[in-house]
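The values are calculated or read from the model by the stated rules, or taken from the named source; none is laboratory data. Here the structure is a predicted model, which is why all the values come from computation and not from measurement. Using ideal geometry, Cβ is built from the backbone for each residue, glycine included, and neighbour counts are taken over all protein chains shown.
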């Protein structure tokens with residue numbers, strides 16, 4: 001008997017089955033993962049029994065008998081969760097090998113959450129252990145004749161259809177725009193224009209995009225969302241750690257968002273948004289945080305206060321920004337309206353870059369809105385903005401040294417695509 005050891009993102013086959021849109025489908029997802037039954041079949045069965053769509057939850061009176069018919073045995077049942085109930089937090093639960101369906105609930109929240117643990121690995125779209133607030137109210141184990149999954153890791157490491165990262169999306173946009181310019185170029189031959197149109201259509205079909213998708217909220221529904229936590233030492237988030245999270249979500253992974261929370265004597269930085277971007281953001285956040293904290297400790301003996309904190313703040317403030325963040329155009333000095341209207345190749349290229357950035361910005365804002373909706377629907381969390389006061393002590397020399405070192409840092413995005421095939 002061991003506790004849950006790690007988390008593995010798994011939507012139970014929802015995206016592969018062609019389902020899109022925002023949903024609180026933890027029941028369908030957990031049962032599909034545990035039993036190995038296709039997501040669509042589980043979904044349709046629950047829909048028939050419930051008499052309504054299971055996309056926003058199903059009561060235990062529906063999925064309890066369904067699990068019983070599939071040969072799954074409940075271990076305990078708690079009708080109402082109360083502060084005095086003798087319950088275990090999900091992170092403290094010790095489990096045997098094999099698949100187990102867990103029903104957990106947050107104190108004060110009226111609805112429960114279902115997830116599946118297989119061989120001490122939590123399979124879900126988010127990790128209920130992170131907040132230290134979900135109590136186990138029921139659990140089902142597979143009986144002798146139970147329908148259960150054959151492969152606990154099938155498909156988990158494969159890239160899903162909706163895993164389109166920000167970097168990949170920008171590359172696709174740039175390539176589509178270049179091909180579109182060729183298709184509309186009157187100087188090109190008829191064969192060149194036709195070939196460009198065919199390439200453009202094939203690329204859009206491959207990534208399930210359209211012209212409307214590039215500039216509107218359409219196509220956002222197919223993105224796979226997640227929320228994952230990065231724990232750091234200390235019960236308070238440091239100023240430069242927050243600045244680092246802001247840097248990553250504003251300049252490197254603009255589709256992701258973050259918030260911080262406290263769990264015991266540690267601070268948790270939660271990143272949420274498209275799955276691949278969140279995983280990459282956390283990886284880069286850890287790498288940069290370790291690099292900056294180590295440098296501050298070696299130079300000034302620490303990174304939480306004093307000169308070490310000033311150094312870290314300066315370092316983060318000078319990290320290289322994405323070149324696409326600037327909205328300035330490369331116009332010649334003293335340019336007049338007539339100068340910018342002429343057909344100058346440099347101006348045309350600059351205008352194209354601006355148009356591309358605007359498309360990316362519009363998509364990022366749309367994804368951020370949907371991610372906030374997903375966070376409330378799946379995790380029951382609505383965020384509020386808080387403001388912080390600046391530190392009283394600042395070491396100007398240490399901060400300037402940090403800026404110098406930060407400006408020299410080369411930020412390598414994890415898992416960035418080398419090329420677009």
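Structure notes:
- Residue in segment 231-244 that is at pLDDT 90 or above, touching a helix residue (DSSP H, G or I) at 6+ places or on another chain (Cβ under 9 Å) and closer than 23 Å to residue 125 by Cα present: no
- First in segment 368-379 and under 11 Å from residue 274 (Cα atoms), second anywhere and modelled with pLDDT under 90 and part of a helix (DSSP H, G or I), Cβ under 8 Å, 6 or more apart: 370/220; 370/221
- Yes/no for residue 380 being modelled with pLDDT of 60 or more, within 31 Å of the chain's Cα centre (by Cα) and closer than 25 Å to residue 288 by Cα: no
- Among the residues of segment 251-278, those that are in a helix (DSSP H, G or I) and touching a residue at least 60 places away in the same chain (Cβ under 8 Å) comprise 251, 252, 275, 276, 277.
- Of all residues in segment 295-340 being surrounded by fewer than 11 Cβ atoms within 10 Å (Cβ to Cβ) and in a helix (DSSP H, G or I), the one that is modelled with the highest pLDDT: 298
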